[in-house]
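Student: One structure is given below, represented as structure tokens, and several questions about it will come after.
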Amino acid sequence: MKETPPPPANATTEELLTQLGPLVHLDVLENLLNQARARSLWPLTFGLACCAIEMMAAGASRFDMDRFGSGVFRPSARQADVMILAGTISRKMGPVVKALWDQMPSPKWAIAMGGCTIDGGPFKYPGQYAIVEGADKIIPVDVYIPGCPPRPEALINGLLMLEQKIKAGKKFHV
Amino acid sequence: MTPRTFNDIFGNPYLAVLAATTVIMGYLTVNALMIIWMERKVAARMQRRLGPTERGKFGLLQSIYDMGKLIGKELITPTHVNKGLYLAAPVLVFAPVLALCSLIPVSQSWVFHDYDIALVLLLAFSGLAVIGIFSAGWGSNNKYSLMGAVRSVSQTIAYEIPLILSALAVVMMAKELNLYQIVAKQEGLWNIVLQPVAAVIFLISATAETNRAPFDIPEAESELIGGFHTEYSGMRFGLFFFAEYSNMIIACSLATVLFLGGWHGPLLPGILWFFIKVYALIFVMMWFRWTFPRIRFDQLLSFSWLVLTPIAIANLFVTAVVSKLV
Amino acid sequence: MSEASGLAAALAGIASLKTAEAPDAKSGCQGLHTVGREAIVEVGRVFREAGYMLEMLTALDMRAAEQAMHVVYQFNRFGAPDRHRVRVVVPAGEAVPSLADLFGSANWYEREAFDMLGVRFDGHPYLVRILTEEGADYHPLLKDFGVAPAAAEEAAGG
Amino acid sequence: MAELIQIASDEDRDTFYLNMGPQHPSTHGVLRLRLHLKGERILSAEPIIGYSHRAHEKMAENRNYIQFLPNPSRVDYLSGMIYSIGYCQAIEKAIGLEVPERAEYIRVICNELNRISSHLLWFGTFLLDLGGVTPFLYCFDDREKILDLLDLVSGSRLTYCYGRFGGLVNDVTDDFLEGTARFCTAFRERLREYDRLVTQNVIFRNRTIGVGVMRPELAQQFGITGPCLRAMGMARDVRRDEPYGIYDRFEFDIPTRTASDCFDRYLVRIAEMEQSMRIVEQALAKLPDGPIMAKKIPRKIAPAKGEYYFAVESARGHFGMFIVSDGSEIPYRIHLRTPSFANLSTMRTVLPGTLLADTVSILGSIDIVLPEIDR
């Protein structure tokens, strides 16, 4: 344990509390919850374009995301944990994606699937007026999966990477 | 022949209620988690998939992780909701389940509470859940939720009648409202043999009462997104989810008690027979869900009013005449 | 074939309609026509009564060469194809009569042409943007919208 | 046609507006429907599109003909092969390029396989809209087998870029040919299974028969094409009426029905899968040896100044490409006439009067792909 210097005599209560750190440590509980969260990622039923078909394929028989507990696609944003952005986000759709993200309860994560959601992908060219060039321009993204479209294996790999990230106890987007 | 109840063990009724609640909670939790896992596996097998495999042996821990995750989720209370109704709804949906569960005799020597009018209580309490669903739909102040709630109310009313009529046929035969005695009288011959029509009507109505597919129109994911629970997050949604599966247990337990002879069966101990029957019925319900498409709302109602109810009434009439003659 | 000759006769009755001779097979059309914009509704009615559908409607930005927009209508019938492309030349900034009353599909096609190229259609019941984002103030398929490819490559350092 | 932008007045208390989408499980992507409802009955419906607008037509004006080649398969990602090869055929016709026999046959095989996979996905999602989850997974299972085959020759599962001006990029392998033949045999068996599981199901029949009837006059008014049109009893198919490629060499029927409801649209598509397999088998039998690329391909792809129109039959209907060339390597304008755009615009006349649950099945039955509508 690191020695903390004694607080100055005229310190306010607030300063004291900051220096001493939290009185109750919730790390253990938080870690336990993280273990559960990492293993039960329910995606939002939400497809934007081509990649959505591969997302469906990842949930279907051959690839079966349900093996990892991610097969419960929730149609309501209030019950989803991870938003898989599958497809091009058009400018008309951008505000809707943002609204859906805001409706999701924290802790929540986002996976950018495919070139379009990474940076505009094949639809990026000077003077492009119709799309949002990259999902991270509107919401924070945790895992990027390149491809046009990425294969279902890639999506499952992305989910497992997200699992690693959650288990490692990184801070969440609120 | 009287079963043991909590009152007998503890003597003190308050202590008995406390103990019973705890035991029932545990019983429901374990069973619901088990059924959720089973549902995912059954669905997967019917769909040429594997279902959960990676979390624990055979994915057995999957439901536990899901529950842990839901507990750790943020509880969003949207600003546009009617707070009182919105917050009360999950409790209202879940509370009757606890009361219902205590009335079911699970084995020859064991029932949580032994009432003489247990069946009446049970049917009355099972009607309460719809109030919770309606207050969820109304309180959410969301059009999809509201439509889900309205559908749910009319569905429950429509299917409660054939459900009760088919249960009444059994009561007429047994001349008994006590569930324990109803089971006791089935020794040797199960009611399903004497009352096959009532049994089928009961199973169909129970599937509809528990909002299971193909009667899941109040939730109807592809139409109403989630119906009445669209606006709920975290453990509040978890309670709805939990209540749905608990209702399934109760509906199947009641069907076992009324028609399948409860704990009666050769060789194995009674409690085991009881669970074998309950889980077999639950499997049948899952089978329905993963085979049929969803019935449309108006077809659902006309099926109840024009097909099930008349048949149930006719069946009741025949039962009355025959039991008078015999 | 009386139907086709009836159509030809009806089309010949429209004063401002000019039919090109023997269209090239590559154009994919059996008849190419140009018509004044006041007569397009009449042309639409003739095709509709002959049982044709409005297969395609779009516009071309020809402002650089002719200071005009071309609105291209393509009519076709069910069965053996008999495709007629009718062209209306509109001076830039002016409106064309709408066919929305004659053909249900014209409603959306015209909205799209308005959205993409800013061609206005008179008498359209609901001429608002259809594809671009809400509150957009541009017509993306106009040639002077966006960056020319050569200039863009220079800007991108390519 | 009265328009929908109106606020319900105070007396109008028992009707309400419901906004369905753009994120809704059964709008097949990012379609938004603004429904005016009285209870569950629909008074008026207005589809609002554009949520997947990706500026394909503007992109065409910013790049040359070859650079536009990856785009068509992303316009309609479910029948990407048909679109991509259709674009090649359009340009080949415009510049007068002959394609070798073998390539033509392989194109037909791939197109028809792609049509089956598109119909399969439609079948699955349609049943999902009706609440039947299991058929969806069965269809995906079969679809994967087609994707494997197309993956083998083109290298991609969904957005193919297999065609080139003058031929194809790869020759097919024996594995592909054997696999295709095997698939056809196995799939016939599966179709019978689907028939037992779905077509005979009484709930399915109740949900689809007599639901979403499109009156025949709508066909002319809206320019409906594809399976929706054939369910109205009109045997119109671009493959038969104006044969492109070598479609005139094959024997196949154009399945039609007459009631024009959801059930008929379903049956037409099922029958079309059968016909596609017939074409595939004929093509496999006749497949000649030879090169797969034309000998002399011009370095500069630049059609002569003029306007070109070329149509193909996609899984959803008549897909037309209107190409305006000013004689340079960069298209002056490419307009894509997509079938779902016309088919979806009928919804405002078909939906009113139906129930909310029917909306979902009607929308499912016309088989829309949003990026193809929005382009």
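Any read-out appearing in this document is the output of simple, stated calculations on the displayed coordinates, not a laboratory observation. None of these values were measured; they are calculated from a predicted model. Cβ coordinates were reconstructed from backbone atoms using ideal geometry, including for glycine residues, and neighbour counts include every protein chain displayed.
Student: Taking every residue in D:331-341, how many Cβ atoms of other protein chains lie within 10 Å of its Cβ, on average?
Tutor: Working: counts 0, 4, 10, 0, 11, 2, 6, 1, 0, 0, 6.
Shielding by partners across D:331-341 averages 4.
Student: Taking 7 Å along the Cα-to-C-beta vector as the label spot, tell me the C:Arg63-C:Asp101 distance in nanometres, rounded to one decimal.
Tutor: It is 3.0 nm.
Student: Ok, one more. I'd like the Karplus ³J(HN,Hα) series for the stretch D:351-363: coefficients 6.51, -1.76, 1.60, θ = phi - 60°, whole numbers in Hz, and an x wherever there's a Gly or Pro.
Tutor: 5, x, x, 8, 8, 4, 5, 6, 3, 5, 6, 5, 4
Student: Where is the GNM fluctuation largest for chain B (alpha-carbon springs, 10 angstrom cutoff): B:Ala136, B:Ala149, B:Ala44?
Tutor: B:Ala44
Student: Rank A:Ala11, A:Ala58, A:Ala80 by mean-square fluctuation in a GNM of chain A with C-alpha springs under 10 angstrom and give only the top-ranked residue.
Tutor: It is A:Ala11.
Student: Gain in length, D:Asn19 to D:Asp151, computed as 0.36 nm per residue apart minus the alpha-carbon separation, to one decimal in nm? Could you put the intermediate results ahead of the total?
Tutor: Details: separation 132, 0.36 × 132 = 47.52 nm, distance 3.90 nm.
Once the chain is fully extended between D:Asn19 and D:Asp151, it gains 43.6 nm.
Student: Which order do B:Leu87, D:Leu128 fall in if you start with the one that has the fewest other Cβ atoms within 10 Å? Don't jump to the answer; show the numbers that get you there.
Tutor: Details: B:Leu87 16, D:Leu128 23.
By the 10 Å Cβ count, ascending, the order reads B:Leu87, D:Leu128.
Student: Can you list, bin by bin at 10 Å, the percent of alpha carbon pairs in the protein assembly as shown, starting at 0?
Tutor: For the protein assembly as shown, the pair-distance distribution reads 2, 10, 18, 22, 18, 13, 8, 5, 3, 1, 0.
Student: I've got another one for you. Please report, ordered by residue number, every helix of chain B (full DSSP H runs) that is 15 Å or longer along its axis going by C-alpha atoms and whose mean Kyte-Doolittle hydropathy reaches -0.5.
Tutor: Details: long enough: B:13-46 (47 Å, 1.07); B:83-101 (29 Å, 1.86); B:129-140 (17 Å, 1.33); B:143-174 (46 Å, 1.13); B:196-209 (19 Å, 1.76); B:234-259 (37 Å, 1.32); B:270-291 (32 Å, 1.49); B:309-325 (24 Å, 1.54).
Span-like helices, by this rule, are B:13-46, B:83-101, B:129-140, B:143-174, B:196-209, B:234-259, B:270-291, B:309-325.
Student: If you build the Cα gyration tensor of the stretch A:121-174 and take the root of 5 times each eigenvalue, what three semi-axes come out, in whole angstrom, biggest first? Show your work: numbers first, answer last.
Tutor: Details: eigenvalues 136, 55, 7 Å².
The answer is 26, 17, 6 Å, longest axis first.
Student: Here is a follow-up. Just to be sure I understand the curve: with the Debye formula and one point per C-alpha of the stretch C:3-155, what is log10 I(q)/I(0) at q = 0.09 Å⁻¹?
Tutor: Rounded to two decimals, the profile gives -0.31.
Student: Kirkwood Rh, the stretch D:49-114, all Cα pairs: how many Å?
Tutor: Final number for the Kirkwood radius of the stretch D:49-114 is 13.0 Å.
Student: Using a basic spin-label model with each label point 7 Å from the Cα along Cα→Cβ, how many nm lie between D:Glu101 and D:Lys296?
Tutor: So the label points at D:Glu101 and D:Lys296 sit 2.1 nm apart.
Student: If you rank C:Met56, A:Met56, B:Met173, D:Met293 by fewest surrounding Cβ atoms within 10 Å, what's the result? Each step should come with its number before you reach the end.
Tutor: Values: C:Met56 26, A:Met56 23, B:Met173 20, D:Met293 16.
Starting with the residue having the fewest Cβ neighbours, the order is D:Met293, B:Met173, A:Met56, C:Met56.
Student: Follow-up. Average partner chain C-beta neighbours within 10 Å, per residue of B:224-234? Walk me through the numbers before you get to the answer.
Tutor: On the way: counts 8, 11, 6, 1, 0, 3, 5, 5, 4, 9, 3.
Rounded to a whole number, the mean comes out at 5.
Student: What number, rounded to the nearest 500 deg cm²/dmol, is the helix-based mean residue ellipticity at 222 nm of chain B, given -39500 (n - 2.57) per DSSP H run of at least four residues and division by all its residues? The partial results should precede the final answer.
Tutor: Details: 15 runs with 220 residues, N = 326.
After summing the helix terms and dividing by residue count, I get -22000 deg cm²/dmol.
Student: On to the next question. What FRET efficiency, computed as 1/(1 + (r/R0)^6) with R0 = 35 Å and r the Cβ-Cβ distance, is obtained for D:Leu197 and B:Val153, rounded to the nearest 0.05?
Tutor: Here the calculated transfer efficiency is 0.60.
Student: Next question, about the same structure. Please work out the ratio of the alpha-carbon Rg of the stretch D:56-373 to 2.2 N^0.38 Å and round it to two decimals.
Tutor: On the way: Rg = 19.4 Å, N = 318, 2.2 N^0.38 = 19.6 Å.
It is 0.99.
Student: When only DSSP loop residues count, what GluC sites (Glu not before Pro) in the stretch C:20-57 have their Cβ near at most 11 other Cβ atoms within 10 Å? Don't skip to the answer; put the middle values down first.
Tutor: Details: sites: C:Glu21, C:Glu38, C:Glu42, C:Glu49, C:Glu55; in loops: C:Glu21.
Of the GluC sites (Glu not before Pro), the ones in loops of the stretch C:20-57 whose Cβ has at most 11 other Cβ atoms within 10 Å are C:Glu21.
Student: Between A:Asn31 and A:Asn157, how high is the FRET efficiency from 1/(1 + (r/R0)^6) when r is the Cβ-Cβ distance and R₀ = 30 Å? Nearest 0.05.
Tutor: Efficiency, from the Cβ-Cβ distance: 0.80.
Student: Also, quick follow-up: If you take the beta carbon distance between D:Arg215 and C:Ala15 as r and set R0 to 51 Å, what does 1/(1 + (r/R0)^6) give as a FRET efficiency, to the nearest 0.05?
Tutor: Details: r = 35 Å, r/R0 = 0.69.
Efficiency at R0 = 51 Å is approximately 0.90.
Student: List residues of the stretch B:235-254, by number, whose backbone nitrogen lies under 14 Å from a label position 7 Å along Cα→C-beta of B:Val91.
Tutor: B:236
Student: Checking a compactness column here: for the stretch B:215-282, what do you get for Rg(Cα) / (2.2 N^0.38 Å), N being the number of residues? Intermediate values should be presented prior to the final figure.
Tutor: Values: Rg = 16.2 Å, N = 68, 2.2 N^0.38 = 10.9 Å.
Normalised by 2.2 N^0.38 Å, the Cα Rg of the stretch B:215-282 equals 1.49.
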